[in-house]
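The values are calculated or read from the model by the stated rules, or taken from the named source; none is laboratory data. Values in this document were obtained by computation on a predicted structure and should not be read as measured data. We place every Cβ from the backbone using ideal geometry, glycine too, and count neighbours over all the protein chains shown. We work out accessible area using only protein heavy atoms, side chains counted, and drop any ligands, DNA or RNA first. Shrake-Rupley method; radii C 1.70, N 1.55, O 1.52, S 1.80 Å.
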Amino acid sequence: MKILFVGESWTVQETHIKGFDSVDLGRLEQTTAGPVLDALDEAGIEVEYMPSHIAQYSFPETAEQLGEYDAIALSDIGSNTLMLDPVMQLQGKRKGNRLLACKEYVMNGGGLVMIGGYLSFAGIGNKARYAMTPLAEVLPVEILHYDDRMEHPEGIRPEITLPGHPVLEGIDDKKWPYFLGYNKVRAKETADEIATINGDTFMAAMEFGKGRSFVFTSDCTFHWGSEEFLSWPYYRKLFGNIFLWLDKEL
């Protein structure tokens with residue numbers, strides 16, 4: 001199985017002030033995707049990792065190109081990065097709608113998962129804005145049109161509502177680790193709601209065309225993903241199961 005994992009990176013621009021003088025510095029922040037990529041490697045899944053600044057230029061434009069992969073993961077990367085190709089913006093040239101390509105890819109039998117974060121679903125200030133894109137039809141949840149962050153610095157635990165679902169295979173822990181926040185969404189009537197958190201959808205799955213889609217509405221890493229979650233004995237098993245289910249191996 002081969003997947004394309006997209007996002008979980010950012011660049012930083014900062015001003016250092018030293019008395020009278022100041023200097024602006026920029027850097028590519030080290031990716032936070034390490035824990036989940038290690039989990040997939042342990043599950044025997046081949047992963048091509050594409051950080052956000054590369055995806056803006058290099059994310060596949062067609063369903064045929066996406067067909068190289070058994071599943072696609074979008075994690076904390078907004079719709080603008082995928083839809084607003086720099087060549088289209090700066091040169092006025094038509095480019096393929098990459099989110100339409102994702103929809104066609106799933107219709108044809110591919111798998112797609114969206115993982116939560118500040119630039120997933122609606123996101124902070126609705127900057128991710130996926131409710132107004134073709135993925136709104138593909139994903140198993142209804143996405144809000146406004147800031148959907150649910151911050152819980154005190155920690156909050158999900159509850160399993162569909163214990164027999166294949167993504168939970170081999171996960172026996174009745175008490176899940178706590179999370180520090182999530183994106184507020186609601187499972188569609190056609191979807192399987194696997195877990196909730198504070199009454200909102202936490203995990204959901206759906207058949208779409210010949211393919212499948214899945215959502216995990218908190219972070220797969222810091223900051224909404226707590227230390228307890230990243231050290232949870234079933235962390236790696238869970239993410240391996242999610243992608244195996246997308247590829248219909250579970």
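Scanning the range 201-224 turns up at least one residue that is modelled with pLDDT under 95, among the β-branched types (Val, Ile, Thr), in contact with a Ser or Thr (Cβ under 7 Å, 6 or more places away or on another chain) and more than 23 Å from MET83 (Cα to Cα). Elements of the type helices (runs of 4 or more DSSP H) sitting completely within the range 1-75 and holding at least 3 residues that are of a type outside the set (A, V, I, L, M) and more than 22 Å from TYR105 (Cβ to Cβ): these cover 34-42.
The set of residues in the range 46-78 being farther than 26 Å from GLU249 by Cβ and among the charged types (D, E, K, R) consists of GLU61 alone. Inside the range 1-39, residues that are free of Cβ contacts under 8 Å to residues at least 24 places away in the same chain, in contact with a strand residue (DSSP E or B) (Cβ under 6 Å, 6 or more places away or on another chain) and over 19 Å from GLN56 (Cβ atoms) make up a count of 7. Name the single residue, out of those in the range 177-210 being crowded, with 20+ Cβ neighbours inside 10 Å and part of a loop (DSSP other than H, G, I, E, B), that is nearest to the chain's Cα centre (by Cα). For the range 177-210, the residue satisfying everything is LYS184. Does the range 234-242 include one or more residues that are basic (Lys, Arg), in contact with a strand residue (DSSP E or B) (Cβ under 9 Å, 6 or more places away or on another chain) and crowded, with 17+ Cβ neighbours inside 10 Å? Checking the range 234-242: not a single residue is basic (Lys, Arg), in contact with a strand residue (DSSP E or B) (Cβ under 9 Å, 6 or more places away or on another chain) and crowded, with 17+ Cβ neighbours inside 10 Å. For GLU159, indicate whether it is open to solvent by 10 Å² or more (accessible area, probe 1.4 Å) and over 26 Å from TYR69 (Cβ atoms). Judged against the criteria, GLU159 is a match.
Counting the residues of the range 85-121 that are farther than 21 Å from VAL185 by Cα, polar (S, T, N, Q) and assigned to a loop (DSSP other than H, G, I, E, B) gives 2.
Across the range 103-140, the number of residues qualifying as open to solvent by 30 Å² or more (accessible area, probe 1.4 Å) and in contact with a Ser or Thr (Cβ under 7 Å, 6 or more places away or on another chain) comes to 1. Please state which of the following conditions TYR178 fails to meet, knowing it meets all the rest: (1) among the hydroxyl-bearing types (Ser, Thr, Tyr); (2) touching a Lys or Arg at 6+ places or on another chain (Cβ under 6 Å); (3) touching a residue at least 60 places away in the same chain (Cβ under 8 Å). Only one criterion in (1) among the hydroxyl-bearing types (Ser, Thr, Tyr); (2) touching a Lys or Arg at 6+ places or on another chain (Cβ under 6 Å); (3) touching a residue at least 60 places away in the same chain (Cβ under 8 Å) is unmet by TYR178, namely (3).
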